[in-house]
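S.K.: There's a structure below that I have some questions on.
The numbers here are math on the coordinates, done by the rules we state, and not lab data. As the structure is a prediction and not an experimental result, all values here were calculated from the model. Glycine gets a Cβ as well: all are built from the backbone with ideal geometry, and neighbour counts include every protein chain shown.
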Amino acid sequence: MENPPQSSQSPGKVSRQILAEEAAKWSREQRAAQEVLMENIKSGGNGLTVRTVVSNRKKSIYIIQNGNYFKCPPGSEPDLDAYRVQTNLHERKCTFGQESIPVALDPCIEAEVAPIEYSFGEDWMFCLGNGERENNYFQNGTLDCGNKTKISVTQFLEECAIDNNIVITFDYFGDEPRKDMMHNATLCTTWDPCRLSYLYRLEEPPTELMPAFPTTTENPCESTPCPECLEDAGSDGSVEFRPEEVDTAIEDAEKV
């Protein structure tokens with residue numbers, strides 16, 4: 001029986017290669033765990049998430065639970081202290097005993113992966129939220145979002161961005177074991193809640209990407225006179241007859 005082939009590398013090189021492979025494997029596992037945790041945080045996971053966005057115009061705070069969005073009434077905000085002491089029961093409590101209000105969508109989160117589309121007469125737009133779209137455009141080139149919500153990129157930047165940068169702060173109150181989460185994904189800067197900030201950048205497409213305005217093809221039969229008409233038409237628009245044609249017409253009329 002033949003002996004297995006022996007490595008021509010020195011033991012030190014083999015050890016370094018093994019360490020590099022283990023480090024790469026650990027790094028891949030870390031990234032995978034972070035992606036899972038990030039998706040949990042964005043949807044509220046098995047608890048709830050409070051997301052905060054500050055723009056040039058305002059500050060908005062939403063509660064995310066089971067993938068749905070809520071906000072507190074004016075004058076109140078999510079009760080973070082109450083969330084910390086809840087055990088396996090995550091109520092969307094607001095300060096001053098107020099009840100949270102459902103919100104259809106969160107453009108600050110959803111616009112990151114939504115396509116930017118041009119709508120004639122409206123500029124660059126998003127179609128956000130749940131719903132179906134049967135047609136992309138109306139016949140006049142206006143964007144049709146169907147059951148989705150149409151929001152302009154300009155409005156989105158006013159509500160969500162500072163200098164085209166969207167910074168979202170998440171406070172995640174979940175039931176995952178803290179030690180396991182910290183060991184598998186070093187994503188949170190603090191715990192109870194898991195807090196992290198997330199940034200992406202978004203700008204309007206440049207002018208050269210703006211499509212040409214749709215036009216209808218003109219029917220040449222409606223705009224181009226026939227050659228015979230051009231020959232026979234007088235300067236005042238009347239039709240000129242030859243003398244023999246006039247005589248023939250008079251004879252035909254007398255016979256009748």
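S.K.: Can you tell me which residue in the range 83-102 is surrounded by the most Cβ atoms within 10 Å (Cβ to Cβ), limited to those that are over 30 Å from residue 162 (Cβ atoms) and without any contact (Cβ under 8 Å) to a residue 24 or more places away in the chain?
M.R.: Top of the filtered list is 91.
S.K.: Going through 95, 154 one at a time, which residue ends up being polar (S, T, N, Q) and more than 15 Å from the chain's Cα centre (by Cα)?
M.R.: Of the residues listed, the single one that is polar (S, T, N, Q) and more than 15 Å from the chain's Cα centre (by Cα) is 95.
S.K.: Also: I need the full set of residues from the range 103-125 which are surrounded by fewer than 15 Cβ atoms within 10 Å (Cβ to Cβ) and either among the aromatic types (Phe, Trp, Tyr) or touching a helix residue (DSSP H, G or I) at 6+ places or on another chain (Cβ under 8 Å) (or both), in order please.
M.R.: The one that is surrounded by fewer than 15 Cβ atoms within 10 Å (Cβ to Cβ) and either among the aromatic types (Phe, Trp, Tyr) or touching a helix residue (DSSP H, G or I) at 6+ places or on another chain (Cβ under 8 Å) (or both): 123.
S.K.: Would you confirm whether any residue within the range 111-128 is under 15 Å from the mean Cα position of the chain (by Cα), assigned to a loop (DSSP other than H, G, I, E, B) and farther than 16 Å from residue 205 by Cα?
M.R.: no
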